[in-house]
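Participant: One structure follows; several queries about it will come next.
The values are calculated or read from the model by the stated rules, or taken from the named source; none is laboratory data. This one's a predicted model, so the numbers in the text were calculated from it and none came from an experiment. As a convention, Cβ positions derive from the backbone with ideal geometry for all residues, glycine included, and neighbour counts pool all protein chains shown. SASA here: full protein model, heavy atoms, side chains in, ligands and nucleic acids out. Shrake-Rupley method; radii C 1.70, N 1.55, O 1.52, S 1.80 Å.
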Amino acid sequence: MRRTKRKFLRQQQQQKHLLNEEHNVDEPKSGGISRKMSESSLYGTDQEEEDDEETNERKIELGPQYTLKEQLEKDKDDESLRRWKEQLLGAVDIESAGETLEPEVKILSLEIKSAGRPDIVLSVPENGKPKGSWFTLKEGSRYSLQFTFKVKNNIVSGLKYTNTVWKTGVRVDSSKEMIGTFSPQAEPYTHEMPEETTPSGMFARGSYAARSKFVDDDNKCYLEINYYFDIRKDWLPSKN
């Protein structure tokens, strides 16, 4: 009985020690508990949650991919299927793109639209990291994001836009917008996001960090932008 009790107490001490290591908890001699947290640890936690979402999405098993030529040749004797495929693919150049398996999506432009003022046209650097503050929004204003993109080579399935925003290392917003499935064509596509309203008040104003991504059903990322933006009392003067 004594041996069983000692074993039970030893197991409790081991579990307590493991919990302290896992949560990084320091137990001072006074008996109080102190926990050290920093902005970097908060950011890391948010990043892990975002990575978990992407990991779960990668678990989806998708069917095999086909080139455009293979897709057109499949079931070519079925007249209704052939017409449906031609309607889906639209005015695509099969000769130049039909043999390529992987789709290519290029974001051509990004614009912030707000009623009663000029659009803010954002230039996207090659490295996806704009220098300084990328843009400024007025507190309490309504705005929407519009982007133009081009699809080449093959059909892109389930293209979506994700955006995560942090302030002082704490995640304050996370959104995801399904854009759709698109076939390659000569003309670019344009998509406008639903209208949003910026927060207002003394605590809302300031500098924010954000990460935006364009990914498809295969979790292939076509563009990742890491940037900073500001929320102020008013818009910056427009450049003529």
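Participant: Quick one: length gained pulling residue 119 to residue 232 fully straight, 0.36 nm per residue minus the C-alpha distance?
Facilitator: Roughly 39.0 nm would be gained on extension.
Participant: Let me ask something additional. Can you give the FRET efficiency to the nearest 0.05 for residue 104 and residue 84, using r as the Cβ-Cβ distance and R₀ = 25 Å?
Facilitator: Taking R0 as 25 Å, the efficiency between residue 104 and residue 84 is 0.55.
Participant: What are the extents of the Cα atoms of the range 154-240 along their three principal axes, in Å, largest first?
Facilitator: Cα extents, longest axis first: 47, 36, 20 Å.
Participant: Determine, from the Cβ-Cβ distance of residue 77 and residue 221 and an R0 of 35 Å, the FRET efficiency 1/(1 + (r/R0)^6), rounded to the nearest 0.05.
Facilitator: Step by step, r from the Cβ atoms, then E = 0.35.
Participant: So, one more: Beyond 16 Å, what share of the Cα-Cα pairs of the range 194-240 remains, rounded to the nearest whole percent?
Facilitator: Counting pairs separated by more than 16 Å, the tail of P(r) holds 61 percent.
Participant: Let me ask something additional. How far apart, in nm, are the 7 Å Cα→Cβ label points at residue 191 and residue 204?
Facilitator: 2.7
Participant: Also, I was wondering about something else. Bin width 5 Å, origin at 0, all Cα-Cα pairs of the range 94-203: what percent of pairs per bin?
Facilitator: 2, 9, 16, 20, 19, 14, 9, 5, 3, 1, 0, 0
Participant: Follow-up. Taking every pair of alpha-carbon atoms in the range 151-191, what share in percent sits in each 5 Å bin, from 0 to the bin with the longest distance?
Facilitator: 6, 19, 21, 15, 12, 10, 9, 7, 2
Participant: Further question: So what is the accessible area of the range 154-240 per residue, in Å², with the probe set to 1.4 Å?
Facilitator: Accessible area per residue, the range 154-240: 53 Å².
Participant: Using a probe of 1.4 angstrom, how much of the accessible area of the range 88-214 is carbon and sulfur, in percent?
Facilitator: 51
Participant: Could you work out the pair-distance distribution P(r) of the range 113-167 from its alpha-carbon pairs, with 5 angstrom bin width and percents rounded to whole numbers?
Facilitator: 4, 10, 19, 24, 21, 13, 7, 3, 0
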